[in-house]
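What follows is a short report on a single structure.
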Amino acid sequence: MSERKMTPQEAIIVLDRLNTEERIDVDRDELRAAVDVLKDAARFRIKRKPIPEPEPCYGNGCCPNCRACFLDKSRKYCGNCGQALDWSER
């Protein structure tokens, strides 16, 4: 496989080739790359609590993934990176 990063769409195609009744050869490195890409994509769907706001940030907290600041608690996803957010109290 080339040095460029695989897209989620390409990763799904690789995994779909495994999900057939016929035996289709899939390169082990290509399969490993596909699994890594889709694991990274799935992590964004798992809700994470915002981190407490750092000093220069004025708001209700920051994204645990990209550190973008939030002014209110109405966002379900980070507008910067797409991380799912969990605003529930513990």
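Greater than 23 Å separation of Cα atoms is the criterion. Which listed pairs, K5/K76; K39/K76; K5/K39, meet it? Show your work: numbers first, answer last.
Values: K5/K76 28 Å; K39/K76 20 Å; K5/K39 14 Å.
Correct reply: K5/K76.
Pairing the Cα long axis of helix 8-18 with the longest principal axis of the chain, what angle in degrees results, from 0 to 90 and rounded to the nearest 10?
40
If the elastic network links every pair of Cα atoms under 10 Å, which of V35, V14, V26 fluctuates the most in the Gaussian network model of the chain?
In this elastic network of the chain, the residue with the biggest mean-square fluctuation among V35, V14, V26 is V26.
Using the count of nearby Cβ atoms within 10 Å as a rough guide to exposure, how do L71, L31 rank from fewest to most? Present the calculation step by step, with values, prior to reporting the outcome.
Values: L71 11, L31 15.
Lowest to highest Cβ neighbour count: L71, L31.
Helix 28-43: angle to the longest alpha-carbon principal axis of the chain, degrees 0 to 90, nearest 10?
20
Once every DSSP H run of n ≥ 4 in the chain is given -39500 (n - 2.57) and the sum is divided by its residues, what mean residue ellipticity at 222 nm do you get, rounded to the nearest 500 deg cm²/dmol?
On the way: 2 runs with 27 residues, N = 90.
Value at 222 nm, helices only, nearest 500: -9500 deg cm²/dmol.
FYI, it's all coordinate maths here, none of it is from the lab. As the structure is a computational prediction, the values presented were derived from the model and not from experiment. All Cβ positions, glycine included, derive from the backbone under ideal geometry; neighbour counts span all protein chains shown.
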